[in-house]
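Let me begin by presenting the structure, written as structure tokens, before commenting on it.
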Amino acid sequence: MEQARAELSQAINTVQFNKPICPIYQNCTALPATDTETIRKNLIAQLTAPVMWTQTVKNMVADGAASFTEVGPGTVLQGLIRKIATGIEVAGIQ
């Protein structure tokens, strides 16, 4: 995975990042980020870091997220969110 990480790092470092209009939650920290260098660093870290999905969803709900939309085929993430955050609106778009 180190070779893949090096290649991903090289690719990400060629992309210009703009300051996001909302916090970006990344699975390797489960925390919101708005600093572009932090987001860039975490994108690279996510390749090999454990996924903190449950904590990420809990943090988003604690910070005010009231609905989640899964984009793509399937409903796996919708089901996980329903188990983690009961009562939260969950939808899917294929």
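Every read-out reported here was derived from the displayed coordinates using simple, explicitly stated rules and does not represent laboratory data. Here the structure is a predicted model, which is why all the values come from computation and not from measurement. Cβ atoms come from the backbone with ideal geometry, glycine included; neighbour counts cover every protein chain shown.
Please determine, in degrees from 0 to 90 and to the nearest 10, the orientation of helix 53-62 with respect to the longest principal axis defined by the Cα atoms of the chain, where the helix direction is its Cα long axis.
The two axes meet at around 70 degrees.
Taking amide H positions as placed 1.01 Å from N in the peptide plane, with prolines and chain starts having none, which residues 5 or more places from residue 90, or on another chain, fall under 5 Å of its amide H?
It is 68, by chain and number.
Label residue 17 and residue 91 with points 7 Å out from Cα along Cα→Cβ: what is the distance between them in nm?
3.0
Can you show me the helix-derived [θ] at 222 nm for the chain, built from DSSP H runs with n ≥ 4 at -39,500 (n - 2.57) apiece and divided by the number of residues, rounded to the nearest 500. Present the calculation step by step, with values, prior to reporting the outcome.
Working: 4 runs with 40 residues, N = 94.
Theoretical 222 nm ellipticity from helices: -12500 deg cm²/dmol.
Taking only the alpha carbons of the range 1-75, what extent do you get along each of the three principal axes, in Å, biggest first?
Result for the range 1-75: principal-axis Cα extents of 37, 28, 23 Å.
Would you work out the charge dipole size for the range 27-94 about its Cα centre, treating the Cβ of every Lys and Arg as +1 and the Cβ of every Asp and Glu as -1, and quote it to the nearest 20 debye?
Values: 5 positive and 5 negative charges, 38 e Å.
Magnitude of the dipole: close to 180 debye.
Between 67, 86, 50, whose Cα lies farthest towards the positive end of the dipole of the range 32-91 when Lys and Arg beta carbons carry +1 and Asp and Glu beta carbons carry -1, centred on the Cα centre?
50
How many nm is it between the label spots at residue 80 and residue 37, if each spot is 7 Å from the Cα in line with the beta carbon?
A separation of 3.1 nm, rounded to one decimal place.
Can you tell me how much longer the chain between residue 67 and residue 3 gets when fully stretched, taken as 0.36 nm per residue apart minus their C-alpha distance, in nm with one decimal?
Values: separation 64, 0.36 × 64 = 23.04 nm, distance 3.72 nm.
Taking 0.36 nm per residue and subtracting the Cα distance, the gain is 19.3 nm.
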